1. Would you point out the residue of the range 241-256, among those that are within 28 Å of residue 188 (Cα to Cα) and in contact with a strand residue (DSSP E or B) (Cβ under 6 Å, 6 or more places away or on another chain), that is surrounded by the fewest Cβ atoms within 10 Å (Cβ to Cβ)?
2. Would you check which residues across the range 213-223 are crowded, with 24+ Cβ neighbours inside 10 Å and modelled with pLDDT of 95 or more and list them?
3. What are the residues in the range 228-240 that are assigned to a strand (DSSP E or B) and either surrounded by fewer than 24 Cβ atoms within 10 Å (Cβ to Cβ) or at positive phi (or both), if any?
4. Can you pull out every residue in the range 296-334 that is without any contact (Cβ under 8 Å) to a residue 60 or more places away in the chain, more than 22 Å from residue 281 (Cβ to Cβ) and surrounded by fewer than 23 Cβ atoms within 10 Å (Cβ to Cβ)?
5. Which numbered condition trips up residue 371, out of (1) surrounded by 15 or more Cβ atoms within 10 Å (Cβ to Cβ); (2) within 21 Å of residue 278 (Cβ to Cβ); (3) in contact with a strand residue (DSSP E or B) (Cβ under 7 Å, 6 or more places away or on another chain)?
6. Does the range 105-124 include one or more residues that are outside any loop (DSSP other than H, G, I, E, B) and either more than 29 Å from residue 212 (Cβ to Cβ) or without any contact (Cβ under 8 Å) to a residue 40 or more places away in the chain (or both)?
7. Just to be sure, is residue 453 within 22 Å of residue 63 (Cβ to Cβ) and out of contact with any helix residue (DSSP H, G or I) (no Cβ under 7 Å at 6 or more places or on another chain)?
8. Restricting to the range 273-294, count the residues that are crowded, with 20+ Cβ neighbours inside 10 Å, within 21 Å of the chain's Cα centre (by Cα) and not in a strand (DSSP E or B).
């Protein structure tokens with residue numbers, strides 16, 4: 001239709017074209033690449049040998065994997081299926097009295113970034129001094145393959161961590177990091193050499209959000225998809241994973257959020273769901289449904305709390321041809337139906353489950369998540385997916401002995417801003433204060449199967465990584481007992 005109209009030279013046809021474009025927000029926008037990166041030639045060299053670094057404390061080797069155990073890498077945000085659900089099997093059914101075996105730990109600097117696990121390698125992204133630091137460690141013993149750094153000057157305006165928030169991601173050949181100051185880097189997984197790097201803050205004239213950059217990019221095909229949030233667009237951009245060159249830009253109305261892009265196959269085809277919207281006056285944001293091939297925006301669905309001090313931080317949850325979005329600063333959650341053309345139609349909306357930065361878990365027609373921004377009054381909630389009806393709500397009492405220097409006292413330290421992972425038929429919960437619990441997700445009510453306490457420290461906010469029966473947990477704040485920030489590997493492998 002457009003091709004025919006454009007071939008006709010008349011004012012009426014020009015008017016028709018303008019109306020057509022204005023009434024179709026999905027019409028592709030053109031954004032030029034502001035600065036193509038310099039591509040470094042990959043130096044052909046043998047992979048570095050393992051070294052025992054002084055930051056490492058090794059405790060013991062893991063148990064053998066049980067025969068027939070299903071395992072997977074953890075190289076994408078929220079795991080291999082982008083929804084907090086792991087396919088791993090034959091894990092511990094209950095915890096030993098002293099907790100799961102601690103295999104090794106490495107001291108780490110600042111940051112909330114979850115680790116990535118690719119084969120036998122763990123990627124740790126953190127800040128040491130004034131350097132953003134990317135380390136590649138052995139998954140079973142913590143020894144280092146390589147370490148790469150670049151300078152950083154970020155200072156958190158609210159006094160929280162000055163380190164990165166975004167999990168490293170990998171395609172098995174390269175590893176990609178997105179720093180708190182919007183430095184997007186591509187490194188060789190085997191050597192740590194930087195292949196290319198982009199300063200998106202400078203290139204796209206970004207103003208860092210309340211807590212810096214926090215939306216982990218998405219690897220989709222040959223593209224890295226980033227919620228850039230440039231003031232004049234693009235809101236979302238795709239970069240070639242090998243060269244760093246921008247392939248397309250999409251949207252211009254909303255700034256960057258802390259929610260990561262999520263891919264899904266829908267009736268409209270393969271689509272990317274970006275829950276955008278960060279610091280802005282007036283507060284604006286919402287869901288974008290994007291074709292990953294060309295950046296075509298099928299749907300722009302406004303959804304954002306009206307408070308200036310608010311963000312969209314929970315990633316979308318896609319179930320069949322429905323998508324659930326949620327925030328905790330005013331408007332709550334909504335379930336949308338995805339149309340054949342990628343459009344979005346609201347099914348229901350309410351404030352029964354207002355997630356902050358954790359992403360709700362879907363199981364058997366129900367959604368489970370932490371309501372509110374806590375740490376007090378942050379209950380675990382179950383709602384019915386089809387209707388949004390609250391099924392149950394509870395704030396578990398996790399009574400914990402705490403020695404504050406005057407002898408042990410018992411405190412109720414609830415899960416608070418916890419992470420949930422559905423795995424091996426149960427839900428693994430990592431609480432904000434270092435608790436680890438198995439619970440049974442069901443609509444009948446909260447059912448705790450087992451619980452242990454790994455350490456006592458605040459800000460245990462990052463999703464743990466699970467791969468080959470080993471769990472990697474970041475302690476992101478100094479412990480009550482004086483322990484420093486660290487990455488710890490625990491053995492969750494079950495017995496034969």
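The values are calculated or read from the model by the stated rules, or taken from the named source; none is laboratory data. What you see is a predicted model, and the numbers here were worked out from it, not measured in a lab. Please note: Cβ atoms are built from the backbone with ideal geometry, for glycine as well, and neighbour counts cover all protein chains shown.
1. The qualifying residue surrounded by the fewest Cβ atoms within 10 Å (Cβ to Cβ) is 247.
2. Residues satisfying the conditions are 215, 216, 217, 218.
3. Selection gives 240 alone.
4. 320, 321, 334
5. All conditions are met except number (2).
6. No, there is no match, as no residue in the range 105-124 is outside any loop (DSSP other than H, G, I, E, B) and either more than 29 Å from residue 212 (Cβ to Cβ) or without any contact (Cβ under 8 Å) to a residue 40 or more places away in the chain (or both).
7. Yes: the conditions hold for residue 453.
8. 4
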